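Enquirer: The structure under discussion is supplied below as C-alpha coordinates; questions concerning it will follow.
The values are calculated or read from the model by the stated rules, or taken from the named source; none is laboratory data. These figures come from a predicted structure and were not determined experimentally. Cβ placement follows ideal geometry from the backbone for every residue including glycine, while neighbour counts extend to all protein chains displayed.
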Amino acid sequence: MKAQLLLAIKQQTIRMQKKGFFRQQPRDKRFEWRNKHPQQGAAHSKTVQGKEYIYCPHHRNCWVPKINNEGQIHADSCEARSRS
Ligand SMILES: [Zn+2]
(Lines give C-alpha, C1' and ligand atoms only; values in the text may rest on other atoms or scores of the structure.)
Protein backbone atom coordinates (compact mmCIF):
# COMPACT_ATOMS: atom_id res chain seq x y z
CA MET A 1 0.00 0.00 0.00
CA LYS A 2 2.70 2.42 1.01
CA ALA A 3 4.81 1.48 -1.97
CA GLN A 4 1.88 2.23 -4.25
CA LEU A 5 1.48 5.63 -2.71
CA LEU A 6 5.16 6.38 -3.14
CA LEU A 7 4.95 5.29 -6.74
CA ALA A 8 2.00 7.59 -7.30
CA ILE A 9 3.89 10.50 -5.81
CA LYS A 10 6.91 9.70 -7.96
CA GLN A 11 4.80 9.59 -11.11
CA GLN A 12 3.17 12.86 -10.17
CA THR A 13 6.59 14.42 -9.65
CA ILE A 14 7.75 13.22 -13.05
CA ARG A 15 4.61 14.66 -14.64
CA MET A 16 5.28 18.00 -12.97
CA GLN A 17 8.90 17.96 -14.09
CA LYS A 18 7.78 17.35 -17.66
CA LYS A 19 5.47 20.31 -17.45
CA GLY A 20 8.34 22.43 -16.22
CA PHE A 21 7.08 23.00 -12.69
CA PHE A 22 10.56 22.89 -11.27
CA ARG A 23 12.30 24.71 -14.04
CA GLN A 24 13.74 28.02 -13.06
CA GLN A 25 11.76 30.73 -14.67
CA PRO A 26 13.96 32.47 -17.22
CA ARG A 27 11.57 35.40 -17.03
CA ASP A 28 13.01 36.44 -13.67
CA LYS A 29 16.50 36.72 -15.01
CA ARG A 30 15.42 38.54 -18.12
CA PHE A 31 13.77 41.28 -16.07
CA GLU A 32 16.35 41.44 -13.32
CA TRP A 33 17.58 44.81 -14.52
CA ARG A 34 14.18 46.27 -13.73
CA ASN A 35 14.85 45.91 -10.01
CA LYS A 36 18.13 47.78 -10.17
CA HIS A 37 18.07 51.46 -9.39
CA PRO A 38 20.02 53.70 -11.76
CA GLN A 39 23.28 55.10 -10.50
CA GLN A 40 23.36 58.67 -9.42
CA GLY A 41 23.33 60.94 -12.44
CA ALA A 42 22.35 58.11 -14.78
CA ALA A 43 19.43 58.46 -17.15
CA HIS A 44 15.97 57.75 -15.79
CA SER A 45 14.71 56.38 -19.05
CA LYS A 46 15.95 53.75 -21.44
CA THR A 47 14.87 51.61 -24.32
CA VAL A 48 15.10 47.84 -23.97
CA GLN A 49 14.17 45.59 -26.89
CA GLY A 50 12.35 48.42 -28.61
CA LYS A 51 10.30 49.32 -25.56
CA GLU A 52 10.69 52.51 -23.58
CA TYR A 53 11.08 52.25 -19.84
CA ILE A 54 11.22 54.92 -17.19
CA TYR A 55 12.58 54.81 -13.68
CA CYS A 56 9.80 55.00 -11.12
CA PRO A 57 11.12 54.93 -7.54
CA HIS A 58 7.61 54.17 -6.25
CA HIS A 59 7.61 50.72 -7.74
CA ARG A 60 9.17 47.49 -6.53
CA ASN A 61 10.22 46.94 -10.12
CA CYS A 62 11.65 50.40 -10.31
CA TRP A 63 11.83 50.31 -14.12
CA VAL A 64 8.39 50.34 -15.64
CA PRO A 65 7.12 50.64 -19.22
CA LYS A 66 6.79 54.31 -20.10
CA ILE A 67 3.41 53.61 -21.65
CA ASN A 68 1.33 50.71 -20.36
CA ASN A 69 -0.81 48.30 -22.34
CA GLU A 70 -3.77 50.66 -22.15
CA GLY A 71 -1.71 53.46 -23.68
CA GLN A 72 -1.47 55.42 -20.45
CA ILE A 73 1.72 57.29 -19.72
CA HIS A 74 3.13 55.85 -16.54
CA ALA A 75 4.06 59.19 -14.99
CA ASP A 76 0.39 60.23 -15.21
CA SER A 77 -1.14 56.97 -14.10
CA CYS A 78 1.28 55.61 -11.51
CA GLU A 79 -0.86 53.94 -8.85
CA ALA A 80 2.09 53.35 -6.53
CA ARG A 81 2.88 57.05 -6.48
CA SER A 82 -0.65 58.16 -5.61
CA ARG A 83 -0.76 55.55 -2.84
CA SER A 84 2.31 56.90 -1.05
ZN1 LIG B 1 5.19 54.04 -10.81
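Enquirer: Show the residue pairs that are 6+ apart or on different chains and have beta-carbon atoms under 7 Å apart, the first residue being within region 68-83 and under 19 Å from LYS46 (Cβ atoms), the second being more than 9 Å from the ligand (Cβ to nearest atom) and among the charged types (D, E, K, R).
Expert: Cβ pairs passing all conditions: ILE73/LYS66; HIS74/LYS66.
Enquirer: On to the next question. Answer yes or no as to whether HIS59 is surrounded by 13 or more Cβ atoms within 10 Å (Cβ to Cβ) and at pLDDT 85 or above.
Expert: yes
Enquirer: Being out of contact with any helix residue (DSSP H, G or I) (no Cβ under 7 Å at 6 or more places or on another chain), surrounded by fewer than 10 Cβ atoms within 10 Å (Cβ to Cβ) and of a type in the set (Gly, Ala, Ser) is the requirement here; does SER82 meet it? Step through it out loud before you land on a result.
Expert: On the way: out of contact with any helix residue (DSSP H, G or I) (no Cβ under 7 Å at 6 or more places or on another chain): yes; surrounded by fewer than 10 Cβ atoms within 10 Å (Cβ to Cβ): yes; of a type in the set (Gly, Ala, Ser): yes.
Yes, satisfied.
Enquirer: Further question: How many residues does region 54-81 hold that are touching a Phe, Trp or Tyr at 6+ places or on another chain (Cβ under 8 Å), within 8 Å of the ligand (Cβ to nearest atom) and assigned to a loop (DSSP other than H, G, I, E, B)?
Expert: Initially, region 54-81 is screened for residues touching a Phe, Trp or Tyr at 6+ places or on another chain (Cβ under 8 Å), giving 54-56, 61-66.
Of the ones still in play, those that are also within 8 Å of the ligand (Cβ to nearest atom) are 56, 64.
Now narrow it down to the ones that are assigned to a loop (DSSP other than H, G, I, E, B): 56.
Qualifying residue count, region 54-81: 1.
Enquirer: Which pairs do you get when a residue that is under 12 Å from ALA75 (Cβ atoms), found in region 44-55, comes within reach of a residue that is among the hydrophobic types (A, V, I, L, M, F, W, C) and not in a strand (DSSP E or B), reach meaning Cβ atoms under 8 angstrom, with the pair 6+ apart or on two chains?
Expert: Between residues of region 44-55 that are under 12 Å from ALA75 (Cβ atoms) and residues that are among the hydrophobic types (A, V, I, L, M, F, W, C) and not in a strand (DSSP E or B), the close pairs are ILE54/ALA75; TYR55/CYS62.
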